[in-house]
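Taking it in order: structure first as structure tokens, then the write-up.
Values in this text are rule-based calculations from the coordinates and carry no lab data. What you are looking at is a predicted structure, and each value in this text was computed from that prediction instead of being measured. Positions of Cβ are generated from backbone atoms using ideal geometry, with glycine treated the same way; all protein chains shown enter the neighbour counts.
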């Protein structure tokens, strides 16, 4: 996938390294740094004007907010028209962020949870700048925080605060938040699921299917630490599970091969599910610059925007286009 | 090289352990946090390859320490030297100590002891040197080393056995300590001529509880002398005994005569009921009524046995109901009172309660042991020479006529003692006569309040019993008046006690063989409180002992004791010993030490036949076996308790020789020391390695 290695089309020199980024303590500043760097890195945003386009006039009906009346049209035609324009969002994005304890693992100076939070904050900030409404749902083995999608600066603050909470919980339940968001969000929108997906996948497919069936656009970010990807340990040691506390004596030299195989199988299974449901799947290592993630995300979105077809089996050819 | 405990060599297999431990890579105890273990499988502890054995030197040291320990525990010894030992064993020097005390008279013991002695002698090689001693109170050499050497080599054992066959157990107590010391000394002396070679004492004894080991305590046991104990065991375990209980000296003379005996029963005895009564040697059976005694095992009872009034001449009490007869009789003679005559020369009436005579009579009562007769004579009355001869002590309190004084002086010159306690200074001429001088200055002295005895010479026999600080306080005795005697006027006199004024209170002046004691104050209440004090009677008895009339003869003699023969004329003396034979005594001998058997000994040649009873030592009747450890505690190194078993004798001897060789070489000590040294080195090396690896980890790559 595109997220696994630096995108050659992207000017890598202008990227901020995650290590440097994570040294900024404020999450909002971090998000802003990524987004602004991203803006300056791009000559032209492919999404510019995407959400500020004038859509339509609609006749005023009692109950509408009189603030939205187009007084110029009224002056000309003496009729009340409501103009749907800038401040009316056209996208509801829900960020589903995993805050289970397995996300608290990190071998590159920051944890997966910090990376995931920064990613979520970046997306939120970016969408906020575009005028989209952003909601948040954090979860571990249960749902922890839920903020409905809104577009307000104060809402963004709350969102950042919720993201800054430390990772906790003893397990990762991917099904409950998906079901919950399916229940809560009636209008179709964008659902972004950020997790390490280090949990059984057996019931994940049905939940994702439900979500996709509600015509939501779903994007999945799988955040993994480089140490998890390659099991880069040298010494034999007793390993403790961050979530369950289970301990196991493991000699990395002996176990690495089988581990990598199993992890790859797991990731492949996850990708298969996503492909099957037309869901964008991005795997991110925590030492990768966040701009790449953002770029991948936007690129996939653009592809998606061009795509007329909803969930179909022809997704494979489109993802192939996206990869080019 | 051979091993005493070869099974311990299996411990050497433990060498495999460090090898395995070195092959196992050390696992860290630290835990590494990981996000999820869902893709991980537990790894088995990994063995490094053989070529990757870590810390080879450490491994070698650990293996070496274990191997040395196993080797040490196997108790190795050098066969080569063991063979030499065998040659050396041929040149062993052995003292065979054969117990011949009274307890060996028990059934079967002496035969068993002789058998064991024979077994020991049969084991002896021609090169060995052997001495055979029997012991009880004394150590009697049957064969000493010189005699052994002098015998023809092939006949030594036979001759020694003959001599053992001639010996028999006596009646004496067991002085085991003494015998062991004597044997050790014999071996130690012998060692001056011959260097090296093992030296052994083979002790053949019943090692009874009553054996005396005191002498071992003060003896520093010579190095290299071993004691091999060959115990003999009595067939009948139970044994009861009877012993005479010493009569107190002041027992009531008029009470019904009884003799008190103690009946003791051994702890492992099976019998509890006994009978005690008088008997005659010639006719077995009780004379008069026997006393039934119930003594539980391990206890003793004191039983009064009434003396039958109608059967004179009884002197033996026996115990019935016991298996072992050797300690079942005790010989008793009625105590003989000592007769002492005290001649009192004073003017007062005997009934006058304020005068010295009254107190003197009261202080010397007649008891069973002593009959002291105080004969009072007025100074002026005639005194027969025989009367003076019969008196042991003269007490003079008044001035005497010259001829009386001269008579007393003669008696003193012959060795008698006169105590002169003048009632007044007017007796000064009498004192001068007694001393054989022209005159002695004497004047009456009357202190303001009272005088006390201040300076007493407690080394003098009169005051010696008071030398203990508990009894030496004489300040409670007040003297109201005294006669001041000029001590300088009696040049050879010794002032034994002084008053606080410095005037002599008691003067001891030797006169010829006898002595004159001058007490410058009387004991009567008019002069002092002396007669009323607790010191008066002991002082008088000291005085009587000084005369030699009051002897503290023991109430009974034990077998082997030396008996002082007093009151014998200078003629040839004969003595009848209990078995009826008559023993002549050398002229002028004052002691008889051949009391070899219990019974009544009679001096037949004396004008009045004198008798004394000799009994078995009470310690000898304690026949319970003594723990061999007791010998060890007293310093004698007991190497083995040997029980003769001819079938396993050769094998046993081989084992014995091996253990001897091993205990002499003591190679295991060096091996353990080497193991400790290796372990120390290992610790140092391991510490150094650990520090170095930490230092290496600490340095940045």
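Data for the structure
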read-out	value
Chain B: angle of helix B:536-547 to the longest principal axis, Cα-based, in degrees nearest 10	90 degrees
Degrees, to the nearest 10: B:56-73 long Cα axis against longest axis of chain B	50 degrees
Neighbouring partner chain Cβ atoms per residue of A:253-260, average, 10 Å criterion	3
Cβ crowding within 10 Å averaged over residues, with B:589-599, A:203-213, B:380-390 ranked highest first	A:203-213, B:589-599, B:380-390
Peptide A:239-247, shielding by other chains (average Cβ, 10 Å cutoff)	5
Normalised convex hull volume, chain B, alpha-carbon set, Å³ per residue	355 Å³
Under the Debye formula (equal points on every Cα, no solvent term), log10 I(q)/I(0) of the range A:56-159 at q = 0.13, 0.17, 0.23, 0.25 Å⁻¹	-0.61, -0.82, -1.13, -1.21
Chain B: antiparallel DSSP beta bridges as a percent of all, rounded to 5	60 percent
Sorted largest first, extent of the range B:240-335 alpha carbons per principal axis (Å)	40, 32, 19
Angle between chain B longest axis and helix B:156-166 axis [Cα atoms, degrees, rounded to 10]	40 degrees
Residue exposure sequence - B:433, B:260 - by fewest surrounding Cβ within 10 Å	B:260, B:433
Label-to-label distance, nm, for residues given as residue A:262 and residue B:362 (7 Å Cα→Cβ offset)	11.6 nm
Chain B, relative contact order [Cα under 8 Å, separation at least 6], %	14 percent
Whole-number D in µm²/s for the protein assembly as shown (Stokes-Einstein; Kirkwood sum over Cα pairs; 4 °C, 1.567 mPa s)	30 µm²/s
Overall Cα dimensions of the range B:379-427 - principal axes, largest extent first, Å	29, 20, 14
Sorted peptide list for B:290-297, A:191-198, B:391-398, criterion being average Cβ within 10 angstrom, highest first	A:191-198, B:391-398, B:290-297
Considering only the protein assembly as shown, percent of DSSP beta bridges that pair antiparallel, nearest 5	50 percent
Theoretical ellipticity at 222 nm over the protein assembly as shown - DSSP helices of four or more residues, -39500 (n - 2.57) apiece, nearest 500	-10000 deg cm²/dmol
Ranked B:225, A:24, criterion: other C-beta atoms within 10 Å, fewest first	A:24, B:225
Dimensions (Å) - the range B:338-547, Cα atoms, principal axes, largest first	45, 42, 32
Residue exposure sequence - B:624, B:104, A:103, A:160 - by fewest surrounding Cβ within 10 Å	B:624, A:160, B:104, A:103
